[in-house]
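Note sheet for the following structure.
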Amino acid sequence: MSRACEDLARNVDDPVVTEQSDPWQKTGEYAAALGEANDNIDATRECQKRQRERLAKGK
């Protein structure tokens, strides 16, 4: 079986926060990172669903 689905489930790096960081900018960076992570989860879920469908058909 292909590792294609597992490759979609990659980690997303946390934005680096320092004392000099602008809190509003970092909030936006965290929101973007969370959105990317959620997209990865959705893509992984869809990929696994398609793999199960292909396996059920014997392909």
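The values are calculated or read from the model by the stated rules, or taken from the named source; none is laboratory data. What you see is a predicted model, and the numbers here were worked out from it, not measured in a lab. As a convention, Cβ positions derive from the backbone with ideal geometry for all residues, glycine included, and neighbour counts pool all protein chains shown. Note: areas computed on protein heavy atoms with side chains; ligands, DNA, RNA excluded. Shrake-Rupley method; radii C 1.70, N 1.55, O 1.52, S 1.80 Å.
Below is a table of values for the structure above.
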{"read-out": "Scan of the range 1-56 for residues that are among the basic types (Lys, Arg), open to solvent by 70 Å² or more (accessible area, probe 1.4 Å) and part of a helix (DSSP H, G or I), ordered by number", "value": "ARG45, LYS49, ARG50, ARG52, ARG54"}
{"read-out": "Candidates VAL17, VAL12 - the one that is modelled with pLDDT under 95, touching a Lys or Arg at 6+ places or on another chain (Cβ under 6 Å) and hydrophobic (A, V, I, L, M, F, W, C)", "value": "VAL17"}
